[in-house]
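Below is one structure, written out as structure tokens; the observations come after it.
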Amino acid sequence: EAAVTQSPRNKVAVTGGKVTLSCNQTNNHNNMYWYRQDTGHGLRLIHYSYGAGSTEKGDIPDGYKASRPSQENFSLILELATPSQTSVYFCASGTGGAGDTQYFGPGTRLLVL
Amino acid sequence: GDSVTQTEGLVTLTEGLPVMLNCTYQTIYSNPFLFWYVQHLNESPRLLLKSFTDNKRTEHQGFHATLHKSSSSFHLQKSSAQLSDSALYYCALSDANSGTYQRFGTGTKLQVVP
């Protein structure tokens, strides 16, 4: 089974500060995804990537940047964090293609004060 | 645009009763691929089952679902709820032809009580 890890697991940030969430996967999956999870909204896709050097906008990219420097690593960057970005963030990976099963990391709880 | 609708935010059931969680979708895809993910408390979502075949029952771990393109539905069912089924369930949609990213519904929390 795919192994997806995230760091940090918990983060408290100040409004206007920069936050970087990291994700690492060890199963050589091409595709990686960043979601946020909020009650009443479910899982919403922020950014995704088809491979090293690629980043694509998801459904809610505003206020977020992404970076995929290698097959294994995919980062989510909040340049100027706001309280509305307080959420649980999940990274996922998958092989891509039809019927792709996504394997999720353990999540990062972010609180922006 | 494409969307997934899960009308129930919370479903509370007594142990032993049947489970049915609703999922309907809207899409431009001629061949939609539907998924159910389950997320237990303090865990991350994991795939429960998936299907792109019209009118074919798909089963896994006691749960089953049938994709009905005529009604754009992919409801999740189980004959008898167990306490351990208490979790958050997400329905998701992608395109079977192009493998576009999955779009998730808002989720249904299933609470099974003794």
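Could you tell me how many of the residues in the range B:62-114 are of a type in the set (Ser, Thr, Tyr) and under 25 Å from residue A:31 (Cβ atoms)?
Counting residues in the range B:62-114 that are of a type in the set (Ser, Thr, Tyr) and under 25 Å from residue A:31 (Cβ atoms) gives 7.
For the range A:79-113, which positions are crowded, with 18+ Cβ neighbours inside 10 Å and either assigned to a strand (DSSP E or B) or in contact with a helix residue (DSSP H, G or I) (Cβ under 9 Å, 6 or more places away or on another chain) (or both)?
A:87, A:89, A:90, A:91, A:92, A:93, A:94, A:103, A:104, A:108, A:110, A:112
Keeping to the range A:27-66, report how many residues are in a loop (DSSP other than H, G, I, E, B) and not polar (S, T, N, Q).
At the first step, the residues of the range A:27-66 found to be in a loop (DSSP other than H, G, I, E, B) are A:27-30, A:39-41, A:50-55, A:58-64.
With not polar (S, T, N, Q) added as a condition, the list becomes A:29, A:40-41, A:50-53, A:58-64.
Going through the range A:27-66 one residue at a time, the tally reaches 14.
Output the residues belonging to the range A:48-78 that are farther than 21 Å from residue B:98 by Cα, open to solvent by less than 60 Å² (accessible area, probe 1.4 Å) and out of contact with any Cys (no Cβ under 9 Å at 6 or more places or on another chain).
A:60, A:61, A:63, A:64, A:66, A:67, A:68, A:70, A:71, A:77, A:78
Looking only at the range B:4-21, decide whether some residue is without any contact (Cβ under 8 Å) to a residue 60 or more places away in the chain, farther than 21 Å from residue B:112 by Cβ and open to solvent by 40 Å² or more (accessible area, probe 1.4 Å).
No - not one qualifying residue is present in the range B:4-21.
Residue by residue through the range B:24-57, note down the ones that are on the phi < 0 side of the Ramachandran plot, surrounded by fewer than 21 Cβ atoms within 10 Å (Cβ to Cβ) and more than 13 Å from chain A (Cβ to nearest Cβ).
Within the range B:24-57, B:24, B:26, B:27, B:28, B:54, B:56, B:57 qualify.
Taking the condition at the interface with another protein chain (Cβ under 7 Å from one of its Cβ atoms), closer than 24 Å to residue A:10 by Cα and outside any loop (DSSP other than H, G, I, E, B), does residue A:76 pass? It would help to see each step written out before you state the result.
Values: at the interface with another protein chain (Cβ under 7 Å from one of its Cβ atoms): no; closer than 24 Å to residue A:10 by Cα: yes; outside any loop (DSSP other than H, G, I, E, B): yes.
It is false that residue A:76 is at the interface with another protein chain (Cβ under 7 Å from one of its Cβ atoms), closer than 24 Å to residue A:10 by Cα and outside any loop (DSSP other than H, G, I, E, B).
Among the β-branched types (Val, Ile, Thr) and either at the interface with chain B (Cβ under 9 Å from one of its Cβ atoms) or assigned to a loop (DSSP other than H, G, I, E, B) (or both): is that true of residue A:20 in this structure?
It is false that residue A:20 is among the β-branched types (Val, Ile, Thr) and either at the interface with chain B (Cβ under 9 Å from one of its Cβ atoms) or assigned to a loop (DSSP other than H, G, I, E, B) (or both).
For the range B:59-114, which residues satisfy the criterion of being open to solvent by less than 20 Å² (accessible area, probe 1.4 Å) and among the hydroxyl-bearing types (Ser, Thr, Tyr)?
B:73, B:89, B:90, B:94, B:108
The values are calculated or read from the model by the stated rules, or taken from the named source; none is laboratory data. Since we're looking at a predicted model, the values are computed, not measured. Methodologically, a virtual Cβ is constructed for each residue, glycine included, from the backbone with ideal geometry; neighbour enumeration extends over all protein chains shown. What goes into the accessible areas is simple: the full protein's heavy atoms, side chains included, and nothing from ligands, DNA or RNA. Shrake-Rupley method; radii C 1.70, N 1.55, O 1.52, S 1.80 Å.
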